[in-house]
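Remarks on the structure that follows.
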Amino acid sequence: MKWEGQEQSENVEDRRGETGGGGGFGGSGIGGRHIGLGTIAIALVAGWVFGINPLTVLGLLSGQGGGAPMVQQAPTGPAPRPPAEDKAAQFVSIVLRDTEKVWGQIFQASGSTYQAPKLDIYRRAIGTACGTGQSAQGPFYCPGDRKVYIDLSFFDEMSSRLGAPGEFARAYVIAHEVGHHVQNLMGITGKVDALRSRETEAQANAVSVRVELQADCLAGVWAHHSQQSKGWLESGDIESALNAANQIGDDTLQRKARGTVVPESFTHGTSQQRMTWFKRGFDSGTVNQCNTFESRL
């Protein structure tokens, strides 16, 4: 992926100097606590090393069980830009800037105005409008403050524990979280939140799967338009994103952890579904091809 030297976003905030420590998190995504990719990695490690059911670990990490989670206050005031020599932060900033350009053009073509999200880089823990976020949950989006949050150590986790190396795999993760922001701007987040509050856990999980698959598809839409305008993808880049989607499918994660699969507990979709919807967005470059809510999965 030929990204170096590209334009960077002005919406990246470096809050690593003001965060750290903290207890559990109350980070909220759509319809409750948001489970990021890093949370799943921690659950897998617990399953492999200690023989603990990963689903139990996921519940504890998301504050479902045990004592009430400690809450860290959301930071206020401006934050500095990342240092120029920080290549990982530079990469994030460049990818974010490209999502701003692509979604700005797509929204403009539909007669709307795209409102770009802020992206906060943090370390270990950070207060958000959705509660306290922890690095264990991986990158996440908070609709309450319209921000994407990333602890850059997650990129190392992708390579070492999730088996998903590659720069474009990282770009896919960022684009997926921006996809949640697009859903929020389109009014999908609010509608789904209201729907989930009236459903059983299994039904709510099924809705979450459609939400996450749509974000995968929207990440593919971004990649389509980004490649058309920049031509910065190289041989193997799309494959690295598809591999990342494959490695973080619910069925693959559960099978690695315990050797069994519990479909009713899925919240993000199977490996095949995640790859299919990313590829659908990439091949079409069209948002209306990402209607997971009216499609047969």
Report summary line: Two pseudo-spin positions, 7 Å from Cα along C-beta at residue 293 and at residue 2, lie apart in nanometres by 4.0
Report task. Just rank 98, 193, fewest to most, by other beta-carbon atoms within 10 angstrom. Result -> 193, 98
Report task. Decide, for segment 233-297, between rounded, prolate and oblate: order the square roots of the alpha carbon gyration tensor eigenvalues as a ≥ b ≥ c, take rounded if a/c falls under 1.5, and otherwise choose prolate if a/b is larger than b/c, else oblate. Result -> oblate
Report summary line: Flagged as over-length at 21 Å C-alpha distance, from 147/256; 2/101; 2/230; 2/147, the pairs are 147/256; 2/147
Report summary line: Expected sort for 225, 268, 176 with the fewest Cβ neighbours (10 Å cutoff) up front is 225, 268, 176
Requested in this report: Using packing as a proxy for protection, rank 104-116, 234-246, 81-93 so that the peptide with the highest average count of other Cβ atoms within 10 Å comes first.
Outcome: 234-246, 81-93, 104-116
Query raised in the report: For segment 109-163 and segment 188-208, what is the separation of their C-alpha centers, rounded to whole Å?
Result: 21
Report summary line: Cβ density ranking, 10 Å radius, fewest first, applied to 222, 103 yields 103, 222
Requested in this report: Using packing as a proxy for protection, rank 275-286, 207-218 so that the peptide with the highest average count of other Cβ atoms within 10 Å comes first.
Outcome: 207-218, 275-286
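Where a number appears in this text, it was derived from the coordinates with a stated rule and is not lab data. Remember, it's a predicted structure, so these values are computed and weren't measured experimentally. Cβ sites come from the backbone with ideal geometry, for glycine too, and all protein chains shown count toward neighbours.
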